[in-house]
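In what follows, a single structure is set out as structure tokens and then discussed.
The values are calculated or read from the model by the stated rules, or taken from the named source; none is laboratory data. Because the structure is a prediction, the values reported are computed rather than measured. Reconstructed Cβ throughout: ideal geometry from the backbone, glycine too, with neighbour counts over all protein chains shown. Just so you know, the surface numbers come from the protein's heavy atoms only, side chains and all, with ligands and any DNA or RNA stripped out. Shrake-Rupley method; radii C 1.70, N 1.55, O 1.52, S 1.80 Å.
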Amino acid sequence: MTKLKLEALTCNYRVNPLGTDGERPHFSWKLLSERRGTRQTSYRIQVSGHEADFTRLLWDSGKVDSEQSIQVLYGGPDLRSQTRYSYRVNVWDNYGRESGWSDVAWWETGLLAANEWKASWITPDPEHIDPHAKPVFLLRKHYKLKSGIVRARMYATAAGVYEVFVNGSRVGDALFAPGWTSYNKRHQVQTYDVTGLLKSGGNAIGVMVGDGWYKGELVKKDNRNYYGSQRAVLLQLHVRYKDGSEEVIASNSSWKCATGPVLLSEIYAGELYDARLERSGWTTAQYDEEGWCAAVVCSLPYAQLVPQENEPVRVIETLYPQAVIHTPAGECVLDMGQNMVGRMRLTLNVPAGTHIKLRHAEVLDKEGNFYTGNLRHAEQAVEYIAKGGGTESYAPCFTFQGFRYVKVEGWQAADNVLLGSFAGEVIHSDMEQTGEFSCSHPLVNRLQQNIVWGQRGNFLDVPTDCPQRDERLGWTGDAQVFIRTAAFNYQVGPFFTKWLRDLKADQRPDGGVPSVIPDVLGNHVSGTMGTSPHSSAAWGDAAVICPWITYISFADIRLLESQYESMKAWVDFVRGQGEDELLWNTGKHYGDWLALDAKENSYIGATPKDLIATAYFAYCASLLQKAANVLKRTDDAQYYSELAERIKARFNEEFVTPSGRLASPTQTAHVLALQFGLVEGGARERTARELNRLVEENGYRLTTGFVGTPYLCQALSDNGYHETAVKLLVQESYPSWLYSVVKGATTIWEHWDGIKPDGSFWSDNMNSFNHYAYGAIGDWLYRYVAGLDMNEAEPAYKRVRIHPRFGADGLSTARAVLNSPYGRIESAWRIDNGQVELSVIVPPNTSAEIVLPGARLLEVAEGGRLLADVLAEHRQTAAETTDGVRFLVGSGRYHFSYRLTS
Ligand code: RAM
């Protein structure tokens, strides 16, 4: 008999996380079994507080009869600070097999209580170093340690962004620590295991700290000091010795400060680095501190400190320039071949004082010249002054650029030397890549890659709108439309957990939701929209949609529970806004942002704002009902279900004529009415027909903006017009998803016409070439085209749903893979002359509802046998429905073949 095995043990989504919070963690594991229909029947978890000594247990769940294998909550005693916990899992299945104990995994808590901080927040003495000076500050501490070090942990953070070194080595590889949160309310602390870096005798710590989001330029030119006016560092090192004693080295006024080679490093501006000013060995014990000034203690609080929550930002991949372009304007430009986000690394051997300047751009203009107009005030310039005397390698530290093209100035070299001297380091939050989609259409495959690159470029600790111009903010609307696609491509559980906590922290007392999270627009900063409104429909709704999508994707009840009040507060806020409690017809909204049916010189599409606002209101009320059900709040569930129904009725009164026609003739209005279930019966049919007509009459072209686009194809596919949806997908002429692909895009554009058919730009003012919002079609590619979907009632793919849709001529194959919380799911189909081949993988401990469109039960084969026979062996049957043949299978690999009925 084949074996049952366990793998991929995670705690709070992560493998052996260091520095967790004090809340009860949750555990997940994956079953490995070749046998079809494998289900877990029981599990047992053991936790030890003494390394991996399981004879001294802290908690033993005992054998629990349950299929739950993800997000299982720890049930032992309260967690202590700075403690390593080891755990292991054993499971049993429906075939009577036992996996045996898994390998041991662990998690370790960070510094949990504010009063455990002996360290002070410190900054260079302002008498000696101007707190507002541009150069990055260096802070260092020399200290002695005894021999017999067995364990050392460093807890560190900064007001600003920091990197830390011990005895000449970089500690960890996280970039942009402490990450971006609503610092005044939640400020992350990182935990590092530095045991291997310390030695007995003299040691040194060095910390570099720059402005970052904390006090650097944000939102617009010269807008600084949003969170505070002083950079500062907080660091505490705990060293444990063999004899059980512990020593603590803490940041305080005995630390020494200076500035060094980084003369400027800012998110938008870039970096200026003079290698001649390097202080060689400044993070080692031997270094001579002569000339360094003292640190002073500053009065920043401790109460807002929280342990790091999501995966850190790291260098994830390195790209090399594909070509050197000598432009008509005489510029020397490197082409990275991909619009990427990160930084350039230089490795070169040039004379001292050589001053190289790099500028970064996303596109070349019509003439083929370097173009930076769309960056607005973001300089995206990196300057390096060489020290000479050998090979030097450099990459900027506290800045990132969004670019495909790099203009090189100040250094003339042959093309092959240039190509060999530069590398592009791709930087983003280090999430596990979980999804893949591909099909028979090469341009659609490129679109999928562009979506993934859009996510990579804009998931740098916060889900941002764009990564290049002077914006790069956590726009709620963009995040909300993209989250479901994001959750296919990557494991975004921890990423959104962190961001949603900031959303909740920044939510207004009346329940209103800022337009960007972390909220740096407040009420006073004016941007493209004049003073930025908070609580716009479809933007503020992120407060409900994002926790819900995170919940269904990863089954994290804990997150849903902790966001629940925030979700309710938003819907209750909306209820109080309109002149009528069921109709939201007041306030400032972004509407169907950037839709093509907008009036001349307007960003806002033609769909009435009150229609959008009321539709979203109904949708969010219905999601709250679902959330209340999950959390077993029956009264709330009842209340929100009634509210949703009443809003729907009011929507119909206001926006649907008695004969079932939608009052607003836009694609987006029809999409929302269908997608949010606001029209029924004849009105639904009519709305769907009308949407199809609108698309058809427009030559299979869309007119939708941020609000309508994400659901356009779904609304068609769900209502009998899948072929139209596929025609929209494969449309290559403007406006369409593939238009930008044909124009050479390697990321998703903000505007359908970022580059117009004649090669000119839409405008300088707001024209990002890396904006993931329209990439929200990815969700439809996975769920509708490849047919890899779920039944929400059993979230996180406990109940998989496989339902491919073959559509029209456009596509002959499609394949989606998802490394789900339960394991690998796959749906891959091929259609050739009416013959369908479908391969499916259903992971252990899940089941799948499968729908085979256009099939007749008695003509379907599975693995060469009649499907009906295969099902009968498992006492299962299939039904012939209007969608196709429908049946249920357990885990395993399947291959279905049948001829389409005509
Ligand atoms: C723009 C942003 C973003 C959008 C808002 C309304 O400035 O780029 O994508 O959500 O406006």
**OP:** Please determine, by comparing only the residues of the stretch 458-473 that are of a type outside the set (S, T, N, Q) and more than 10 Å from the ligand (Cβ to nearest atom), which one is nearest to LEU521 (Cα to Cα).
**Re:** ASP470
**OP:** Only one of these is in contact with a helix residue (DSSP H, G or I) (Cβ under 8 Å, 6 or more places away or on another chain) and either touching a residue at least 12 places away in the same chain (Cβ under 8 Å) or closer than 28 Å to PRO795 by Cα (or both): ALA872, ALA855, ALA878, ALA848. Name it.
**Re:** ALA878
**OP:** Say whether the condition of being surrounded by 16 or more Cβ atoms within 10 Å (Cβ to Cβ), in contact (Cβ under 8 Å) with a residue 24 or more places away in the chain and assigned to a strand (DSSP E or B) is met by at least one residue in the stretch 635-657.
**Re:** yes
Original post:
With SER169, SER182, SER147 as the choices, which residue is among the hydroxyl-bearing types (Ser, Thr, Tyr) and open to solvent by less than 10 Å² (accessible area, probe 1.4 Å)?
Top reply: SER182
Subject >> Per-region count, the stretch 474-492, residues among the small types (Gly, Ala, Ser), within 13 Å of the ligand (Cβ to nearest atom) and within 21 Å of TRP780 (Cβ to Cβ) >> reply: 2
Original post:
Got at least one residue in the stretch 205-225 being touching a Leu at 6+ places or on another chain (Cβ under 6 Å) and in a loop (DSSP other than H, G, I, E, B)?
Top reply: no
Original post:
Which one of the conditions (1) open to solvent by less than 30 Å² (accessible area, probe 1.4 Å); (2) closer than 30 Å to LYS3 by Cβ; (3) not in a loop (DSSP other than H, G, I, E, B) does ARG140 fail to meet, given that it meets all the rest?
Top reply: (2)
Original post:
Across the stretch 575-612, which residue is farthest from the ligand (Cβ to nearest atom) among those that are at positive phi and touching a residue at least 12 places away in the same chain (Cβ under 8 Å)?
Top reply: GLY587
Original post:
Which condition does THR318 not pass, out of (1) closer than 30 Å to SER763 by Cα; (2) touching a strand residue (DSSP E or B) at 6+ places or on another chain (Cβ under 7 Å); (3) open to solvent by 30 Å² or more (accessible area, probe 1.4 Å), if it passes all the others?
Top reply: (1)
Original post:
Does the stretch 556-572 contain at least one residue that is charged (D, E, K, R), farther than 28 Å from ILE70 by Cα and in contact (Cβ under 8 Å) with a residue 60 or more places away in the chain?
Top reply: yes
Subject >> Single match in PRO463, PRO494, PRO509 (criterion: without any contact (Cβ under 8 Å) to a residue 24 or more places away in the chain and of a type outside the set (A, V, I, L, M)) >> reply: PRO509
Original post:
Of (1) under 30 Å from ASN698 (Cα atoms); (2) at pLDDT 95 or above, ALA569 satisfies all except one. Which?
Top reply: (1)
Original post:
When the stretch 330-353 is examined, which residues are found to be over 34 Å from the mean Cα position of the chain (by Cα) and surrounded by fewer than 17 Cβ atoms within 10 Å (Cβ to Cβ)?
Top reply: GLY330, ASN349, PRO351, ALA352, GLY353
Original post:
Going by the conditions given, is LEU503 over 12 Å from the mean Cα position of the chain (by Cα), more than 13 Å from the ligand (Cβ to nearest atom) and of a type in the set (A, V, I, L, M)?
Top reply: yes
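Can you give me the number of residues within the stretch 308-324 that are outside any loop (DSSP other than H, G, I, E, B) and of a type outside the set (Lys, Arg)?
Looking only at that region, the number is 8.
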Original post:
For ALA615, are the conditions met, namely being in a helix (DSSP H, G or I), away from the ligand (no atom under 16 Å from the Cβ) and over 26 Å from LEU694 (Cβ atoms)?
Top reply: no
Subject >> Verdict on LEU6 being touching a Ser or Thr at 6+ places or on another chain (Cβ under 6 Å) and either free of Cβ contacts under 8 Å to residues at least 24 places away in the same chain or surrounded by 14 or more Cβ atoms within 10 Å (Cβ to Cβ) (or both) >> reply: yes
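Per-residue answers, yes or no, for (1) assigned to a loop (DSSP other than H, G, I, E, B); (2) open to solvent by less than 50 Å² (accessible area, probe 1.4 Å):
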| position | (1), (2) |
| --- | --- |
| GLU561 | no, no |
| GLU565 | no, no |
| LYS568 | no, yes |
| PHE573 | no, yes |
| GLN577 | yes, no |
| GLY587 | yes, no |
| TYR590 | yes, yes |
| LEU596 | yes, no |
| GLU600 | yes, no |
Original post:
Looking at the stretch 529-543, is at least one residue touching a residue at least 40 places away in the same chain (Cβ under 8 Å), more than 16 Å from the ligand (Cβ to nearest atom) and either outside any strand (DSSP E or B) or under 24 Å from the mean Cα position of the chain (by Cα) (or both)?
Top reply: no
Original post:
Does GLY454 fit the bill of being surrounded by 22 or more Cβ atoms within 10 Å (Cβ to Cβ), within 16 Å of the ligand (Cβ to nearest atom) and more than 24 Å from ASN223 (Cα to Cα)?
Top reply: yes
Original post:
Which pairs do you get when a residue that is closer than 14 Å to TYR394 by Cα, found in the stretch 271-282, comes within reach of a residue that is open to solvent by 70 Å² or more (accessible area, probe 1.4 Å) and modelled with pLDDT of 95 or more, reach meaning Cβ atoms under 9 angstrom, with the pair 6+ apart or on two chains?
Top reply: LEU272/LYS134; ASP274/HIS355; ASP274/LYS387; ALA275/LYS387; ARG276/LYS387; LEU277/LYS387; GLU278/LYS387
**OP:** Answer with yes or no whether ALA232 is within 22 Å of ASP130 (Cα to Cα), crowded, with 23+ Cβ neighbours inside 10 Å and at pLDDT 95 or above.
**Re:** yes
